[in-house]
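Below: the structure, in structure tokens.
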Amino acid sequence: MSYCRNCGAYVPDWAENCPACDTPVKQTAQPKKEKKPPKTAKTASAGAQARREEPKYERRETAHRDGGTYTYDGSRRDKYAESYDADVRENQSLGYLCYLGPLLIIPLLVRPKSRFLRYHCNQGLLLLIAAVLVSIFDGLPGIGWLIGIAGSIAALIWLVQGMLNVNRGVRRPLPLIGDITILK
């Protein structure tokens, strides 16, 4: 189970590209290109003619988990993107509660099966834990006040970023703490 680095959508393990934005998930090594002789006017026009005749979009055959192949024409991506967009539209207002401390329990109880809400509740829980740790370190004598100020500024920035991610309808991790998964 993984998520797209570009748009944050769920990407099945067997997929090579993100079903929502078609960004390649797995990095493959590029084959080394051979040096070609310089193009003359004759070969340059022949290459341009060949490019005009090639179709822009091709159907790709990819291996499926059970060993068979299927032709990928974008219908799965469209179906997934529609279901993800519907999940965002239905749960966006509850998503804001995920970043408001103890109120993150409300979205989990109201819509426990929403992937959008579970992701943002996880991010909100991480933010809550970070804020509690900052308040603990703030009470330390000596340098604790400096940790408290820096941590409070970071927590405020993460709060704003999380709210903006909910508003945009994306699943983008918060800096430094967002890669940790507590709620699955």
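Every number here is computed from the coordinates shown, using simple stated rules; none is lab data. These numbers were taken from a predicted model, which means no experiment stands behind them. Here the Cβ is made from the backbone with ideal geometry for all residues, glycine too, and neighbour counts use every protein chain on show.
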Compute the separation of the alpha-carbon centres of the stretch 10-25 and the stretch 96-116 and state it in Å as a whole number.
-> 26
Using modelled backbone amide H atoms (1.01 Å from N, in-plane), which distant-in-sequence or interchain residues come within less than 5 Å of Val11's amide H?
-> Ser2, Tyr3, Cys4
Fewest to most Cβ atoms within 10 Å: Asp179, Asp87 sort as Asp179, Asp87
Would you grab the residues whose amide H sits under 5 Å from the one on Asn17? Only those 5+ places off in sequence or on another chain, please, with H modelled 1.01 Å from N.
-> Val25
³J(HN,Hα) computed for each position of the stretch 114-123 - Karplus, 6.51 cos²θ - 1.76 cosθ + 1.60, integer Hz, glycine/proline x = 6, 5, 4, 5, 5, 4, 6, 5, 4, 5
Given labels modelled 7 Å from the Cα in the Cβ direction, how far is it in nm from Leu140 to Glu90?
-> 4.5
How far is it, in nm, from the label point at Val160 to the one at Ile105 when both lie 7 Å from their Cα along the line to the Cβ?
-> 3.0
Proxy exposure order for Tyr84, Tyr96 (fewest C-beta within 10 Å first) is Tyr96, Tyr84
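Can you sort Cys7, Cys121, Cys98 so the residue with the fewest Cβ neighbours within 10 Å comes first? Write down the numbers at each step before the final one.
On the way: Cys7 19, Cys121 25, Cys98 29.
Fewest-to-most Cβ neighbours within 10 Å comes out as Cys7, Cys121, Cys98.
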